[in-house]
1. For the stretch 222-280, what are the residues that are of a type in the set (D, E, K, R), over 14 Å from LEU381 (Cα atoms) and either within 16 Å of the chain's Cα centre (by Cα) or open to solvent by 10 Å² or more (accessible area, probe 1.4 Å) (or both)?
2. How many residues, within the stretch 33-59, are part of a helix (DSSP H, G or I) and out of contact with any helix residue (DSSP H, G or I) (no Cβ under 6 Å at 6 or more places or on another chain)?
3. Taking the stretch 432-458 only, how many residues are open to solvent by 20 Å² or more (accessible area, probe 1.4 Å) and at pLDDT 75 or above?
4. Six or more apart or on different chains, Cβ under 6 Å: which pairs go from a residue in the stretch 105-127 that's in contact (Cβ under 8 Å) with a residue 40 or more places away in the chain to one that's outside any helix (DSSP H, G or I) and surrounded by fewer than 22 Cβ atoms within 10 Å (Cβ to Cβ)? Could you list them?
5. Out of all the residues in the stretch 69-90, is one or more of a type outside the set (Phe, Trp, Tyr) and farther than 30 Å from GLU211 by Cα?
6. Scan (1) of a type in the set (Phe, Trp, Tyr); (2) crowded, with 16+ Cβ neighbours inside 10 Å; (3) at pLDDT below 80 for the single condition TYR16 breaks and write down its number.
7. Among residues belonging to the stretch 117-159 that are touching a helix residue (DSSP H, G or I) at 6+ places or on another chain (Cβ under 7 Å) and among the hydroxyl-bearing types (Ser, Thr, Tyr), point out the one that is nearest to GLU81 (Cα to Cα).
8. Going by what's in this entry, would PHE27 be described as in contact with a helix residue (DSSP H, G or I) (Cβ under 8 Å, 6 or more places away or on another chain) and part of a helix (DSSP H, G or I)?
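The values are calculated or read from the model by the stated rules, or taken from the named source; none is laboratory data. From a predicted model like this one, the values you see are computed outputs, not experimental measurements. Neighbour counts run over all protein chains shown; Cβ positions are idealised from the backbone, glycine included. Just the protein is used for accessible areas: all its heavy atoms, side chains included, with ligands, DNA and RNA removed. Shrake-Rupley method; radii C 1.70, N 1.55, O 1.52, S 1.80 Å.
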Amino acid sequence: MPQNRAHGVIRRSLNYVWSQSSIFTSFVLCSLFVLFVVAGVLAVVPDRLLRQCAPWRSEILAGVWGGLGMLALVGAVCRLEGGVSWFPVFGMDGPALPMLVLLAFTGGLMGTGQRGLACALTGLAFLALSPLVFGLLAGTALVLLADRGRQGVCLPFAVIPACIPADSPLSPPALCLMVLLLGWAVSSQKGPEAVLPAGIGLFLLGRLLAEVGVLPPVQQGLLIVSGGTVALWGAVQAVRSPAASGILAGVASAGYGGLVVMLTLALAASVKGGELFRTATLLATGAPFLALLAALWLARQEGGLFSPGSAVAQARGARGALGASLLLLSAVPPLGGFSVFWCLLSAGEVAAAHTHPAQALCLLLVLAGAACIMALGTVGLLRVGFAAFVRQNPASGRSVKQSAGPVGEAPSLSTVLLLPAWICVGCAALVTVLPGGWLALVDHLFAGNTPRDFSWKILAHVQFSGSDLSLTPAYALLALGVCGAGAAGLGRVFKVFPLRPAISGAAVWRDGAPYLATSEQEDVAAEPSSVPMPAVWVALGMLLGADGQTPSSWPVVEKTGAGARYLQAVLFRTVAWCEAQGMVLILLFLGAGLLLGLFAAK
């Protein structure tokens, strides 16, 4: 039996059947490579070259990504590893296939254009065996995702850790820089592509930390601080962003920062509870990831959820998919977010009980920060839910009155657009009910000392080796269903209901007369009168010769503004040049990183 490099332990698996030279392994690897190339070409090829197939481009791409997902799923179940001797550039190792399963959902939602090409390049980067090839492909994908000129210049620096030896003293600062840059890239996206930089960062971080083993406390603290900064940044964006896509991008950024912290504690902590942190990280890549994809996809349709008369907020199927995705993403027990939070609290309890008091206090502070960030993220989800289910409620007449259509007619949304969201929501619900099967599937995603195999006994349970802790979400869902059915039955029998039935609001009867505002409404709509300036400030203004002038008309302000505009023009020209020469800069950065890594290794 071969050795599993992702875990560093010898385990029984199907690898003795599917060796590196087997026909099945070669077939899966070559098929993945060909399908990624086809997906990338179909994403950017002009319509005139496709001819009659141009109207079916989206459907063909969905089929290609579905085939990629099924191949990666079969390979992950069979524990395929290795490559082919005649094509040594690409191959399959432990974390590649589970990450490709998640990437297939993202690629199926991103569609055509540069976003689809970036997803295809990311998949090829996950299959790359050379650090230089991985950095080239992943850096190009990040440049294609950059929505600002300065991001195209800065984001290639995020792949520098791939070209530096993991035991080099430059590796921890480079990893911290990578976490910050990719957190910036996640928070600036406006659709399902927001999860792509996070996937690149987690894949690279998991590989490098698995090679290093236990990090020193200083380096571990740097990674935790970097991940916490990104998580706090995303949580604040989720609370303050004026658009639904920006709120969900902030939630994605907060989740990415939290996963960095949990992965650091799982792979680099010298205390007990590392397996629980690793389990929480694996669970976070399941139901919350898929639910976030569905919510991001729906928030991007028809101008966003916050626009008046939004089709997503008023179509019944879209509202159901959005509500289900928000519930699965939140920490409502016993759904996907709650399973992650439960594992995190259990890991903190086990780690704090078997470590030094000072280290236990630091762990408790990290857990308290994680709880605060999750609370801020929940506030962001409540904002999205309020915009979709309260402000856009057709019964209230507010959104319908502002739309161009007739009153009471909700905008329609194509069933084809709702199908990807329902697929993601359905898979997220399946992962929530069967967490044990998901943990066995993505077991190679991050290194650990306790391997998981597929077993019917643990299919619906979250269990840990050497511990009595366990969680069964199916039992909790069944108990909640029984309690809800019992309460509804008792209410129907005794005619007692805790809430009054909803009554749809009726329009004001005007008998055909035009709508006229009353005097009270005119008083409310009137602007408040300006407050007179104190006499002291008036006298000071007369003394300085600025009486009756605004700050914008002062010479100092005018000269400062002119200088700032000149510097801004110079910056924009520089950024435009760097963006035009993006591929050349990527090659230069990767070459510099490789040379720096070679010298640092000596």
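1. Keep residues of the stretch 222-280 that are of a type in the set (D, E, K, R), which gives 240, 272, 275, 278.
Now drop any that are not over 14 Å from LEU381 (Cα atoms), which leaves 272, 275, 278.
LYS272, GLU275 - these are the residues of the stretch 222-280 that are of a type in the set (D, E, K, R), over 14 Å from LEU381 (Cα atoms) and either within 16 Å of the chain's Cα centre (by Cα) or open to solvent by 10 Å² or more (accessible area, probe 1.4 Å) (or both).
2. Total meeting the criteria: 15.
3. Count: 4.
4. Once the first residue is in contact (Cβ under 8 Å) with a residue 40 or more places away in the chain and sits in the stretch 105-127, its partners that are outside any helix (DSSP H, G or I) and surrounded by fewer than 22 Cβ atoms within 10 Å (Cβ to Cβ) give LEU127/PHE90.
5. At the first step, the residues of the stretch 69-90 found to be of a type outside the set (Phe, Trp, Tyr) are 69-85, 88-89.
Of the ones still in play, those that are also farther than 30 Å from GLU211 by Cα are none.
Checked the stretch 69-90: no residue is of a type outside the set (Phe, Trp, Tyr) and farther than 30 Å from GLU211 by Cα.
6. Against the list (1) of a type in the set (Phe, Trp, Tyr); (2) crowded, with 16+ Cβ neighbours inside 10 Å; (3) at pLDDT below 80, TYR16 comes up short only on (2).
7. So the first thing to find is which residues in the stretch 117-159 are touching a helix residue (DSSP H, G or I) at 6+ places or on another chain (Cβ under 7 Å), and the list is 117-128, 131-132, 134-146, 149-159.
Narrowing further to those that are among the hydroxyl-bearing types (Ser, Thr, Tyr): 122, 140.
Numbers: THR122: 19, THR140: 26 Å.
The residue in question is THR122.
8. Values: in contact with a helix residue (DSSP H, G or I) (Cβ under 8 Å, 6 or more places away or on another chain): no; part of a helix (DSSP H, G or I): yes.
Against the criterion (in contact with a helix residue (DSSP H, G or I) (Cβ under 8 Å, 6 or more places away or on another chain) and part of a helix (DSSP H, G or I)), PHE27 does not qualify.
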